[in-house]
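Only one structure is covered here, and it is reproduced in the block below.
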Amino acid sequence: MTDDRRNPLRDAHTDIETSHEVPDTPQTRAPSYKLAFNDNDFLCREDLRPVRLQLELLKPELLMDEYGVEGTVVLFGGARIPRPEAKDQARTQTLADLSKYYDEAREFARLMTLKDRETDRHDYVVCTGGGPGVMEAGNLGARDAGGESIGLNIVLPHEQAPNEYVSPDLCFNFHYFAIRKMHFLMRAKAITVFPGGFGTLDELFEALTLIQTGRMARVPFLLFGESFWRSIINWEALSEAGTISAEDLELFRFVETAAEAVEAIETWEGAGTTREAIPGR
């Protein structure tokens, strides 16, 4: 990034370097003497949480702007979905059977990356959570097509490094789940959800709720693996109970293959429109 400052004042980097060269005295060793923006202990104070939230929203936004990311294709899905060649090591037979969606996620990401490279704009940049399983497959598929992809990682107690296929310049790490979720959706041109667990369900329903309530414009919203999703969620029961409307079931569509998903995105009706009222209320 070039420095295109238009003022003659000293910049922050210069003062940080200068502050490391001051005489060693009790005063200069005191925590209070550190430059505020270069003081990690200060920035991590409880009082500074609003500032940290702002920074975590701003940093990825600025870097994606500089890269030219206009739109993303989001892949949600389970971290435990194995590669097909490793399905014999899966903890359950169901996980082994779901390994086919690793290949579908990889192929879907490859096709969408090729579509993205056909234009001068980055409108269909693959975006995953940066972890293993379906996320790894998405980032790998983008690399297969010779493109870049985004990984939105988060600090967890038991993990983790991002998967090796995330583009380094578009690999981000988060402390706040809420800010990470915002970055998943702020540029989303399509949302795809592969089989997964609690985290995938959380992401699925939060995104659907935003569209349902008119807080987010409609985008192609695709669930890979109809039998899986129908086995764990009784969608029709929600509609019959009246807790959602029948029209809410039209906010998403089931698909099985990468090719089917690409076609659904290209022919999706109502993309970009926003609900002005919630049916059934």
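Give the number of residues within segment 233-281 that are without any contact (Cβ under 8 Å) to a residue 12 or more places away in the chain and of a type in the set (S, T, N, Q).
So the answer is 4.
If we only count helices (runs of 4 or more DSSP H) wholly inside segment 183-274, which ones have 1 or more residues that are in the same structural domain as T128 (by TED's automatic domain parsing), crowded, with 18+ Cβ neighbours inside 10 Å and at pLDDT 95 or above?
198-212, 226-232, 258-267
Just the residues that are under 14 Å from D39 (Cα atoms) and either touching a helix residue (DSSP H, G or I) at 6+ places or on another chain (Cβ under 9 Å) or of a type in the set (V, I, T) (or both), please, taken from segment 4-24.
A12, D15, I16, S19 - these are the residues of segment 4-24 that are under 14 Å from D39 (Cα atoms) and either touching a helix residue (DSSP H, G or I) at 6+ places or on another chain (Cβ under 9 Å) or of a type in the set (V, I, T) (or both).
Quick one: which residue in T192, T200 is of a type in the set (S, T, N, Q) and within 13 Å of T72 (Cα to Cα)?
So the residue among T192, T200 that is of a type in the set (S, T, N, Q) and within 13 Å of T72 (Cα to Cα) is T192.
Does Y176 satisfy being over 30 Å from P279 (Cα atoms), in contact (Cβ under 8 Å) with a residue 24 or more places away in the chain, surrounded by fewer than 19 Cβ atoms within 10 Å (Cβ to Cβ) and in contact with a helix residue (DSSP H, G or I) (Cβ under 8 Å, 6 or more places away or on another chain)?
Yes; evaluated as a whole, the condition is true for this residue.
Can you tell which of D144, D169, D123 is touching an Asp or Glu at 6+ places or on another chain (Cβ under 6 Å) and within 23 Å of E70 (Cα to Cα)? Give the derivation first.
Details: D144 fails: touching an Asp or Glu at 6+ places or on another chain (Cβ under 6 Å); D169 fails: touching an Asp or Glu at 6+ places or on another chain (Cβ under 6 Å).
Answer to the selection: D123.
Tell me, which residue of segment 117-136 that is part of a helix (DSSP H, G or I) and free of Cβ contacts under 8 Å to residues at least 40 places away in the same chain is farthest from L57 (Cα to Cα)?
Among residues in segment 117-136 that are part of a helix (DSSP H, G or I) and free of Cβ contacts under 8 Å to residues at least 40 places away in the same chain, the one farthest from L57 (Cα to Cα) is R117.
What pairs can you find where one residue is in segment 189-205 and among the acidic types (D, E), the other is outside any helix (DSSP H, G or I), and their Cβ atoms are less than 9 Å apart, with a gap of 6+ or different chains?
E203/V74; E203/F76; E203/G129; E203/I191; E203/V193; E203/G196
Of all the residues that make up segment 31-56, how many are in contact (Cβ under 8 Å) with a residue 60 or more places away in the chain and surrounded by fewer than 18 Cβ atoms within 10 Å (Cβ to Cβ)?
Here is the first cut: in segment 31-56, the residues in contact (Cβ under 8 Å) with a residue 60 or more places away in the chain are 52-53, 56.
With the extra rule that they be surrounded by fewer than 18 Cβ atoms within 10 Å (Cβ to Cβ), the set shrinks to 52-53.
Count: 2.
Where residues in segment 109-142 are surrounded by fewer than 23 Cβ atoms within 10 Å (Cβ to Cβ) and among the acidic types (D, E), which of them is modelled with the lowest pLDDT?
Only one residue tops the list, namely D120.
The values are calculated or read from the model by the stated rules, or taken from the named source; none is laboratory data. This one's a predicted model, so the numbers in the text were calculated from it and none came from an experiment. A quick note on method: Cβ atoms are made from the backbone with ideal geometry, for glycine too, and the neighbour counts reach across all protein chains shown.
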